[in-house]
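Asks: Okay, handing you the structure first.
The values are calculated or read from the model by the stated rules, or taken from the named source; none is laboratory data. The model shown is predicted, which means the values in this text are computed figures rather than measured ones. Every residue, glycine as well, gets a Cβ built from its backbone with ideal geometry; the counts of neighbours run over all protein chains shown. The accessibility values were calculated without ligands, DNA or RNA, using every heavy atom of the protein model including side chains. Shrake-Rupley method; radii C 1.70, N 1.55, O 1.52, S 1.80 Å.
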Amino acid sequence: MTHRPLRIAHRGASREFRENTMAAFTRALALGADGIELDVHVTSDGMVVVHHDPHVEVGGSSMAIADAPAEVVARGGDDATRIPRLDEVLDLVGDRAELFVEIKGAAIEDAVLRCLEGHTGRFAVHSFDHDAIERVALRAPHVRRGLLFDEPPVALAAHIVRAGAHDVWPRVDLATAPFIGEAHALGARVIAWTVNDPAVGAQLTARGVDGLCTDDVRWFG
């Protein structure tokens with residue numbers, strides 16, 4: 001059987017709709033994405049919201065999500081523009097795709113885990129903050145965990161073992177055959193980001209990568 005990596009929609013169908021919106025996630029599901037990747041922060045009153053940057057524009061000025069209440073961050077608008085809550089996305093995705101939740105905010109893993117508790121679909125959390133993922137391992141060892149890399153890691157195996165990581169997410173140029181082989185030897189999936197060139201996707205597939213995080217899943221049908 002021909003190996004086909006998971007096609008993971010980077011912040012939803014972000015080529016067609018504003019990233020990290022309900023419209024982008026709905027479209028990605030309609031296109032048959034195997035996975036949905038998104039970013040989360042937590043508001044000052046504890047709401048987990050889906051947004052990449054740590055700030056939002058409020059009344060023409062920038063405000064940190066961590067300092068703003070949910071009613072300000074997740075305010076009105078349509079599904080193509082507003083910032084959604086994570087629980088809304090959980091309801092939308094259900095068991096239709098694997099959900100990959102990137103922890104962006106600082107020290108928010110407890111709030112994220114509470115929100116994910118009870119979700120019956122497949123999901124995992126991942127982050128550039130490897131300490132946060134290690135804390136997830138202690139507090140919720142049953143939750144699938146991943147580590148993001150944007151530079152060549154020193155002692156990849158040590159990172160994986162320390163966090164008990166199930167997934168590793170190398171930037172596309174870091175997903176070399178040795179990297180993939182080392183991760184696989186420890187039982188970890190390798191998910192490359194962000195892969196927007198079909199030729200590169202084919203090369204990574206030949207190397208045995210397990211997932212392609214992309215702005216348009218149709219490139220890798």
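Asks: In the range 164-221, which residues are more than 18 Å from the chain's Cα centre (by Cα) and part of a loop (DSSP other than H, G, I, E, B)?
Replies: Result: Thr176, Leu186, Gly187, Asp197, Gly208, Gly221.
Asks: Need pairs with beta-carbon distance below 6 Å; first residue closer than 21 Å to Ser14 by Cβ and among the β-branched types (Val, Ile, Thr) and within the range 188-206, second outside any helix (DSSP H, G or I) and open to solvent by less than 60 Å² (accessible area, probe 1.4 Å); sequence gap 6+ or separate chains.
Replies: Ile191/Asp167; Ile191/Trp169; Ile191/Gly211; Ile191/Cys213; Thr194/His10; Thr194/Cys213; Val195/Leu212; Val195/Thr214
Asks: I'd like to verify a number: residues in the range 93-127 that are open to solvent by 40 Å² or more (accessible area, probe 1.4 Å) and either more than 15 Å from Arg144 (Cα to Cα) or hydroxyl-bearing (Ser, Thr, Tyr) (or both), how many?
Replies: Here the count works out to 6.
Asks: If you don't mind, another one. Please name all residue pairs, on different chains or six or more residues apart, with Cβ atoms under 7 Å, provided the first residue is in the range 1-13 and is closer than 14 Å to Pro198 by Cα and open to solvent by 50 Å² or more (accessible area, probe 1.4 Å) and the second residue is assigned to a loop (DSSP other than H, G, I, E, B) and modelled with pLDDT under 95.
Replies: Matching pairs, first to second residue: none at all.
Asks: Return the total of residues in the range 44-60 being open to solvent by 70 Å² or more (accessible area, probe 1.4 Å), at pLDDT below 95 and outside any loop (DSSP other than H, G, I, E, B).
Replies: Adding up the residues that qualify gives 1.
Asks: Checking Ile133 against (1) crowded, with 18+ Cβ neighbours inside 10 Å; (2) within 16 Å of Ala66 (Cβ to Cβ), only one condition comes out false. Which one?
Replies: Among (1) crowded, with 18+ Cβ neighbours inside 10 Å; (2) within 16 Å of Ala66 (Cβ to Cβ), Ile133 violates only (2).
Asks: Follow-up. Would you point out which residue out of Val58, Val89 is among the β-branched types (Val, Ile, Thr) and farther than 25 Å from Trp169 by Cα?
Replies: Answer to the selection: Val58.
Asks: Just give me the residues in the range 164-189 being open to solvent by 40 Å² or more (accessible area, probe 1.4 Å), closer than 14 Å to Leu204 by Cβ and in contact with a Lys or Arg (Cβ under 7 Å, 6 or more places away or on another chain), in sequence order.
Replies: Ala177
Asks: Of the conditions (1) farther than 22 Å from Asp67 by Cβ; (2) assigned to a loop (DSSP other than H, G, I, E, B); (3) open to solvent by 30 Å² or more (accessible area, probe 1.4 Å), Ala33 fails just one. Which one is it?
Replies: The one condition Ala33 does not meet is (3).
Asks: While we're on this one: Return only the number of the condition from (1) surrounded by 14 or more Cβ atoms within 10 Å (Cβ to Cβ); (2) touching a residue at least 24 places away in the same chain (Cβ under 8 Å) that Arg144 does not satisfy.
Replies: For Arg144, the failing item is (2).
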